[in-house]
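Q: Got a structure for you, questions after.
The values are calculated or read from the model by the stated rules, or taken from the named source; none is laboratory data. These figures come from a predicted structure and were not determined experimentally. Methodologically, a virtual Cβ is constructed for each residue, glycine included, from the backbone with ideal geometry; neighbour enumeration extends over all protein chains shown. With ligands, DNA and RNA removed, areas are computed over all heavy atoms of the protein, side chains included. Shrake-Rupley method; radii C 1.70, N 1.55, O 1.52, S 1.80 Å.
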Amino acid sequence: MTVTPSDISSTEADLDLAAEAAADLDLAIPEEVPTADDPSSRAATRDLDGVGFTLDEFAALLSKYDYNFKPGDVVNGTVFALESKGAMIDIGAKTAAFMPLQEVSINRVEGLSDVLEPGEIREFFILSEENEDGQLTLSIRRIEYQRAWERVRQLQKEDATIYSEVFATNRGGALVRVEGLRGFIPGSHISTRKAKEELVADFLPLKFLEVDEERNRLVLSHRRALVERKMNRLEVGEVVLGTVRGIKPYGAFIDIGGVSGLLHISEISHEHIETPHTVLNVNDQMKVMIIDLDAERGRISLSTKALEPEPGDMLTDPQKVFDKAEEMAARYKQMLLEQAEDNEPMGVTLD
C-alpha cells in the first residue's frame, strides 16, 4: 500500500480534531497515573485531581440520597402505580414503597382511585421497617387519624357544637363519625322522642363529653347540645310548660320544648313524698319553674315546690299550683332579690 502526502495530511488533521475534542471535554489523562500496585492509589483521602473533587466530597454527595427511613416518619412520595391490593409509592428509597388498600384513608373508600391518582405527590406515614425485599409499608390513614384527633381536641377546647350523622345504633346508644373518627352517644345523652333505631341517617347536634386518644374514646352528648341551645332562651325563675316523660325513684324527667329537665323528688312539694309515682303520671302536663341551668353538664333543674301557694298543694290540689304558677314565680323572684340585697356587705364610712 502506497501512502501519499495527502493521506498523511488527512490523518494529521483527524488527530488534531480529536485532540481539540478531548480538550473541550476535559478528558486529558494526567501525566502521572499510578499503577494498581501503587499504595497511594488506594488512599481514601487522596485528591482526585482528574475528576475535580475528593472521595470525601463524593461520599458527602452520596449521603444526600442515603435516607434513613424509620417507622413513624412522615415523608413525601409520588404515586406511580395503583394495584388491586394497594399503591406503589416512590419516596426515594432503594425499593418502591407499598401502601395497602386499607391504609389509604380513615374513611371507607371503594378503591384506591377514590383517593389517589398516578403522578400525585403527597405525604405518607411510614408504618414499618423494610421487609426482606427492602420494601417499606406506608399509610395515609395514620396521618389522617393523628390530624383528626388534633382537630377534635381543638373542638372540645372551644366547646363547639358539631353536627354528625348517626350511622348505627346498639343497646348502649348511637354511633356517629366525627372527622373520620368513630364517636359514641350514650343512650342517656340522646334527647329525642324517636325510637333509637329510627335515628340512623339523622344529623344530630352534639357536644363533646370525652376525648381520649390513648383509649380511643370519643363520647358525645345530644342532650347537652339541645340543652345549651334551649338554655340560651331560658332563665332561672322562669315558669315553663312541660310534659312528664319518665318517672324514677329520685324524681321525674319533664320535657320542656324538646329538652329534658329534672324535677327532683325534693322539689315536688314542701310536704314529704315517698315516691314521685304518688303525685305524677307519665304524660301529665304541668307548669314547672327553672331553678338551675348547668350548661357544662347539660342539666336543667326544675321545681314545683316553689310554685305551691300553700305547702302540700301539689299533693292535694295540683290544679291550683298550675293556675297560680306565674304569680308564685314572681313572688319567688322577689324573695330571691330581697335575700340578695340583705346579704350585700354594709358600706364603711371613713371620717
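Q: With respect to Glu327, determine if the residue is closer than 25 Å to Arg224 by Cα, among the acidic types (Asp, Glu) and surrounded by fewer than 13 Cβ atoms within 10 Å (Cβ to Cβ). Quick ask: steps written out before the conclusion?
A: Values: closer than 25 Å to Arg224 by Cα: no; among the acidic types (Asp, Glu): yes; surrounded by fewer than 13 Cβ atoms within 10 Å (Cβ to Cβ): yes.
Judged against the criteria, Glu327 is not a match.
Q: Say whether the condition of being under 18 Å from Gly246 (Cα atoms) and either over 41 Å from the mean Cα position of the chain (by Cα) or open to solvent by 40 Å² or more (accessible area, probe 1.4 Å) (or both) is met by at least one residue in region 288-297.
A: The answer is no; no qualifying residue exists.
Q: Which of the residues that make up region 96-110 are exposed (fewer than 14 other Cβ atoms within 10 Å of the Cβ) and either touching a residue at least 40 places away in the same chain (Cβ under 8 Å) or under 15 Å from Asp73 (Cβ atoms) (or both)? Spell out the reasoning first.
A: Within region 96-110, the first condition is being exposed (fewer than 14 other Cβ atoms within 10 Å of the Cβ), and the residues that meet it are 102, 107-108, 110.
Matches in region 96-110: Asn107 only.
Q: Taking the options Leu204, Leu226, Leu220, Leu199, name whichever one is hydrophobic (A, V, I, L, M, F, W, C), under 15 Å from the mean Cα position of the chain (by Cα) and surrounded by 12 or more Cβ atoms within 10 Å (Cβ to Cβ). Steps first, please.
A: On the way: Leu204 fails: under 15 Å from the mean Cα position of the chain (by Cα); Leu226 fails: under 15 Å from the mean Cα position of the chain (by Cα); Leu199 fails: under 15 Å from the mean Cα position of the chain (by Cα).
That would be Leu220, the only listed residue that is hydrophobic (A, V, I, L, M, F, W, C), under 15 Å from the mean Cα position of the chain (by Cα) and surrounded by 12 or more Cβ atoms within 10 Å (Cβ to Cβ).
Q: Same structure again: Pull out all pairs, ordered by first then second residue, where Cβ-Cβ is under 6 Å, the residues are six or more apart or on different chains, the first lies in region 168-196 and is farther than 24 Å from Arg245 by Cα, and the second is among the basic types (Lys, Arg) and surrounded by fewer than 16 Cβ atoms within 10 Å (Cβ to Cβ).
A: Short answer, once both residue conditions are applied: Glu179/Arg151.
Q: Now for a separate question. Scan region 111-127 for residues that are touching a residue at least 12 places away in the same chain (Cβ under 8 Å), more than 13 Å from Asp90 (Cα to Cα), open to solvent by 40 Å² or more (accessible area, probe 1.4 Å) and not in a loop (DSSP other than H, G, I, E, B) and report the count.
A: 2
Q: Another question, if that's okay. If Asn281 passes every condition in (1) within 27 Å of Lys157 (Cα to Cα); (2) part of a loop (DSSP other than H, G, I, E, B) but one, which one does it miss?
A: In the conditions (1) within 27 Å of Lys157 (Cα to Cα); (2) part of a loop (DSSP other than H, G, I, E, B), Asn281 misses (1) alone.
Q: Can you name every residue in region 314-342 that is under 22 Å from Val236 (Cβ atoms), at pLDDT 90 or above and among the acidic types (Asp, Glu)?
A: Listed by number, the residues that qualify are Glu326, Glu327.
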